[in-house]
Structure formats: structure tokens, C-alpha cells
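Below is one structure; the comments refer to it alone.
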Amino acid sequence: MSIQLRPYRFADKQDLVRFANNPRIAANVRDAFPSPYTEADAYRWLDICISDRENSPQINRVIALDDQLIGGIGLIRQRDVYRYSAEVGYWLAEPYWGKGYVTEAVRQIVAEAFATTDIHRIYAGVFSFNTASMRVLEKAGFALEAIHKQAVYKGDAYWDEYLYVKFRP
Ligand SMILES: CC(C)(COP(=O)(O)OP(=O)(O)OC[C@H]1O[C@@H](n2cnc3c(N)ncnc32)[C@H](O)[C@@H]1OP(=O)(O)O)[C@@H](O)C(=O)NCCC(=O)NCCS
């Protein structure tokens, strides 16, 4: 079975808490991702995604398997001179890692963004130790554009950030 991308629903709350409350996910993303991930955090996130769809610079989607939430993927359009660029970010529930699901999710959200917006450039910043995420982006047709040396402070240490990019074909 393959994954689908769909909008968030308040009924996703329990799955969101169950799967997002994982330090192995939090270790690979920004500190804004709560850890521990509580019911209140899940509600806050669902409220943003559900109430803010109109005119939002963000596209936020559930990664779903047979309609059940198993992860999240989002695209944030930037501002000012960066307004034709968007950042993509994603996470997947640990029991589903290594099945090609996020590669498929990235392909789908990139296709949606290029089909429904005038975004020209999509990028992702990956911490230097996250080789699985780099592989995802390579498989989805992104290219390594830059390495920002010691740009990330995570877990009491500095890490390089690998910047991957894909342009509108
Ligand atoms: C990183 C993450 C998104 C990958 O999702 P996924 O669905 O497991 O990814 P895929 O199965 O599509 O592809 C993973 C690829 O990385 C490879 N991989 C996995 N672990 C690896 C490792 N430790 N070193 C090198 N490659 C690795 C897999 O073999 C696969 O490549 P392949 O198809 O060539 O064999 C997922 O593990 C996750 O959510 N991690 C925590 C949050 C996170 O890192 N978010 C991204 C922040 S930039």
C-alpha cells in the first residue's frame, strides 16, 4: 500500500501525539517541534493547520496510510525577495521508516506546489547526521546546493546544515 497526502482533521489528535512524541524525531528537526509532544501541542498544531487554510503561505498535509495519520509534511512559502522560494519539512512515525513513504510524500507535495502555486524553488535544510533525510531528497530529485558550516545548534553541539534544492522544471 502507498501513502496519500491529505489535510489535517481534529480526529488526528491521538495518532499525532502517539507518533510525534518521539525524541528520535525531535532530534532531527527544529526545536519548535515539541518534545515531549503533548495533547495540547497536538491540538495547537491541528488548530493552526485547520483554521488557517485560506490565504496561508503554508501547505500542511498529513502523510496517511489507509487514511490514518503516520506523519506530516509541510511547505512554507518565504517572504519579500525570497517569496518564490518555499521550505519543505517532514517527519514520519518511526514504525514506518525505511519503506520509501517520505520520498513519495516529498514527490507529491513538490508536484502539488509546482502545479497549484507559482513557487520557483523548494529547499530543505538537513542536519549533517541525518543521512536518511538527505537520501530522501536525492531520491525526490533535489540537489545539494550548499553546506552551512556549524549553522545548527542541537543537542548541545554545533552541526553543519546541508541545503538541498529543487527548481520548477
Ligand atoms: C528521515 C525520514 C523522514 C525518512 O523517511 P523514510 O520514509 O524512512 O525515508 P525513505 O524510506 O523514503 O528513504 C530513506 C532512505 O534513506 C536510507 N537510510 C535510512 N537510514 C539511513 C542511514 N542511517 N544512513 C544512510 N541511509 C539511510 C534508506 O536506505 C533509504 O534509501 P534507499 O531507498 O536508497 O535505500 C524519517 O526517518 C523521519 O521522519 N526521521 C525523523 C524526522 C526527520 O528526520 N525529518 C527530516 C528533517 S530534515
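Observations on the model:
- Of the DSSP H helices in the chain, those that are both long (alpha-carbon extent of 18 Å or more along the helix axis) and hydrophobic (Kyte-Doolittle mean at least -0.5) are 101-116.
- Spatial separation of Cα centroids for the stretch 64-142 and the stretch 5-54, in angstrom: 16 Å
- Percent antiparallel among DSSP beta bridges (both partners in the stretch 66-169, rounded to 5): 90 percent
- Ranked packing of 102-110, 157-165, most packed first, by mean Cβ within 10 Å: 102-110, 157-165
- Based on alpha-carbon atoms, the Kirkwood radius and the radius of gyration of the chain give Rg/Rh equal to 0.94.
- Lys pairs, the chain - Cα-Cα below 23 angstrom, 8 or more residues apart or on other chains: 4
- Cβ-placed point charges (K, R +1; D, E -1), dipole of the stretch 1-52 about Cα centre in debye, nearest 20: 160 debye
None of the figures in this text is laboratory data; all of them are computed from the coordinates on show. This structure is a prediction, so every number in the text was calculated from the model and none was measured. Cβ: placed from backbone, ideal geometry, glycine included. Neighbour counts: every protein chain shown.
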